[in-house]
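To start, the structure under review is shown below, and the notes come after it.
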Amino acid sequence: MLELIKSAPTQCGVYLFKKGNKVLYVGKAKNIRERLLQHYKQAQENKKEYAIVNSSDRIDWILTRNEYEALVLEVDLIQLHKPKYNVLHKHGGGYPVLLLTEDEFPTIKVVRGSEHEGKLFGPFFTAKRAYRVKRLIHKLFKLRTCDPMPTRASPCMDYHLGLCSGPCAGLISKEDYSLAVKSAQSMLSGEVSEVLPELYQRMEEHMERLEFEKCALIRDQIRALEKLSLGQSVSGLPYQRADLFYRIGRLLGVFLIRSFKLVDKEVFLLETEEELEETIIGFYYSNPLPEVLLLNFELSEEVKRWLSERGKVEIVQKIDQSLEELVKENLHHYMPPELWQEEFLKVLKIPPPRIIEGFDVSHFYGGYTVASCVVWEEGTMNKKRYRRYRIKTVNQIDDYASLEEVLSRRARRLKEGEETMPDLWLIDGGLGQLSVAIRVRDRFGLPIKVVSLAKEEEILLTEWGQRVRLKEHPILYRIFGQIRDEAHRFALSYNRKLRLKEGLKDILDRIKGIGEVKKKIIYNNFENLYELLKAEDRHLKKLGIDPSIKQEIEKYLT
């Protein structure tokens, strides 16, 4: 195989890995020989590359005049041969889209591809979603369900089920049907402002003729469109119709924005760098182009040209901050294990941890000092194993001493087998906090690695001497940032809870007429002062407490 690769030309073109006459993989290259050598070298590390190279018994190539011709030829060959190892052909058949036909009495169909007469809406990532919208259109706007439309003396069952207006039997005028089609189109496109006045006018006309069933039908359509319009006003996204491709490491998220709302998404895990543009080309090989294509990465000039020749599209690489935050939140929920496992091996040079414990200390001007321990386990936060601590041995502001106490208490339980041993400790802080954690770990002889994360610079400090800028590694940043923030939240909430509870105790001690028994009842049933003040009189009476206690507390506070 290596000798065959060395004999490949150095010109631009397309190459085909084959097994017999079967094409396994098609690629393009500015320099075919150089690209094939890359495949050969990457086969030593990458499973997919290994499968391509070792499953093939021959390589063919076709020379082209430039890279754009190579791209066009690559796309056509992939669609022709459907190679096993090409990502593009998986999407080349097209996702489901809704087609509004151009007949005398138009209807709505679920189709694939973009070569259809009529207006296309979509795509939808699942056929189930597409058919759900189709049923809604029939239910609201009664577009015909038969295709092709016959001529009948009486309508079919769909008419009696309220899914069709019966144009086949002449039960609706062409004028009314055209308005229903226009309304359906407005709903699918999100542009409802033009059709609403027309619907109101038509409803008035039917009302004057006492056609109450037709009035009710149009009323339902108006409500549906006004609800859609209201949703647009609160959604706040800056694009009416756009597709967004957002990449985080090997994760590629595809988000559909329709009517100023994020309506659907799909997430891909990229095996190789080449799959990034291949996925985009595959997506638009059969699917319609949006008005705006949003990206957080660069596209090659060849791919931009390929897209522009398929239709008019504006390519934007600056994404609105609020939209980007929404997209990141969606992507962060999708974190396949192999992705973060690779990051630990590649960036931190350690085996992927199964369990990480995160610690934080919180106090209120030196008082109510508490600490938290949160647990990240195999990709998710395990809230059942969270623990909180009230610091007992420190009576002043001393984060190091407080941290040493909580880590020592935790280490003792780990040593005695009362808790599951973690692989890693994450400490909120800098080098000082890291040193404290290492000292405690060594004193108890625990098999745990220790790292710390300071919020100001977002730099991960490791006991083995690494300083990792987490913002340059978004997958690790997601994991460690989430653990650190959750530890901080959990500690802060415990601190606040203690202050409120202590405040309740302090005030009850100062109000006359409340004995020890009543105090115990209040402590057992109310977490803090605010819960007591909000309690209904009926609830207090059931507990044997005079509701006037609330007035006494309010007098004291004011």
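For the charge dipole of the stretch 1-155, defined by +1 on Lys and Arg C-beta atoms and -1 on Asp and Glu C-beta atoms about the Cα centroid, which residue among Y85, I62, L37 has the Cα displaced farthest towards the positive pole?
Projecting each Cα onto the dipole axis, the largest value belongs to Y85.
Excluding residues on the same chain fewer than 8 positions from K550, give the aspartates and glutamates whose Cα lies under 13 Å from its Cα.
E531, E536, D537
Give me P(r) over the stretch 241-334, computed from all C-alpha to C-alpha distances, binned every 10 Å, as integer percentages.
15, 54, 30, 2
Which log10 I(q)/I(0) values, to two decimals, does the stretch 2-85 give at q = 0.11, 0.18, 0.24, 0.26 Å⁻¹ under the Debye formula with one point per Cα?
Log-scaled intensity ratios, in q order: -0.25, -0.70, -1.23, -1.37.
Which of the pairs K41/K265; K30/K471; K84/K265; K84/K261 have their Cα atoms more than 27 Å apart in this structure?
K41/K265; K30/K471; K84/K261
Points 7 angstrom from Cα along the Cβ direction at Y131 and S435: gap in nanometres?
6.7 nm
What is the dipole size for the chain, taken about its Cα centre, with +1 at each Lys and Arg Cβ and -1 at each Asp and Glu Cβ, in debye to the nearest 20?
Details: 90 positive and 83 negative charges, 417 e Å.
My answer is approximately 2000 debye.
Rounded to the nearest 0.05, what FRET efficiency do L161 and E329 give with R0 = 45 Å and r taken as the Cβ-Cβ distance? Could you check?
Working: r = 41 Å, r/R0 = 0.90.
The formula returns an efficiency of 0.65 here.
Which of rounded, prolate or oblate describes the stretch 55-148 when judged by the alpha-carbon gyration tensor and an a/c cut-off of 1.5?
Since a/c reaches 1.5 and a/b is larger than b/c, the shape of the stretch 55-148 is classed as prolate.
Taking 8 Å as the Cα distance limit and 6 or more residues as the minimum spacing, I'd like the relative contact order of the chain as a percentage.
8 percent
Evaluate the Debye formula for the stretch 96-235 with equal point scatterers sitting on the alpha carbons, no solvent, and hand back log10 of I(q)/I(0) at q = 0.10, 0.13 Å⁻¹, in q order, two decimals.
-0.33, -0.57
How large is Rg over Rh for the chain, taking Rg from the Cα atoms and Rh as the Kirkwood inverse mean of 1/r across Cα pairs?
Rounded to two decimals, Rg over Rh is 1.10.
Hey, could you grab the Kirkwood Rh for the stretch 345-438? Inverse mean 1/r over distinct alpha carbon pairs, Å, one decimal.
Working: mean 1/r = 0.0708 Å⁻¹.
For the stretch 345-438, the Kirkwood estimate is 14.1 Å.
What net charge do the residues around L252 carry, taking every other residue with its C-beta under 10 Å from that of L252, with Lys and Arg at +1 and Asp and Glu at -1?
Charge balance near L252 sits at 0.
Hey, what number do you get for the chain at 222 nm if only DSSP H runs of n ≥ 4 count, each worth -39500 (n - 2.57), divided across all residues, to the nearest 500? Intermediate values should be presented prior to the final figure.
On the way: 21 runs with 257 residues, N = 558.
Only helices count here, giving -14500 deg cm²/dmol.
What ranking do 288-296, 53-61 get when scored by the average of other Cβ atoms within 10 Å per residue, highest first?
By packing density, highest mean first, the sequence is 288-296, 53-61.
Straight-line reach only, C-alpha to C-alpha below 17 angstrom: list the aspartates and glutamates that K415 could link to, leaving out same-chain residues fewer than 8 apart.
E357, E404, E405, D423, D442
Using the Cα centre of the chain as origin and beta-carbon charges of +1 (Lys, Arg) and -1 (Asp, Glu), tell me which of T101, L476, S362 is placed farthest towards the positive end of the dipole.
Most positive-ward Cα: S362.
Laboratory data are not the source of any read-out in this text; all were calculated from the coordinates shown. Predicted, not measured: the structure shown is a model, and the values here were computed from it. Note that each Cβ is placed from the backbone with ideal geometry, even for glycine, and that neighbours are counted across all protein chains shown.
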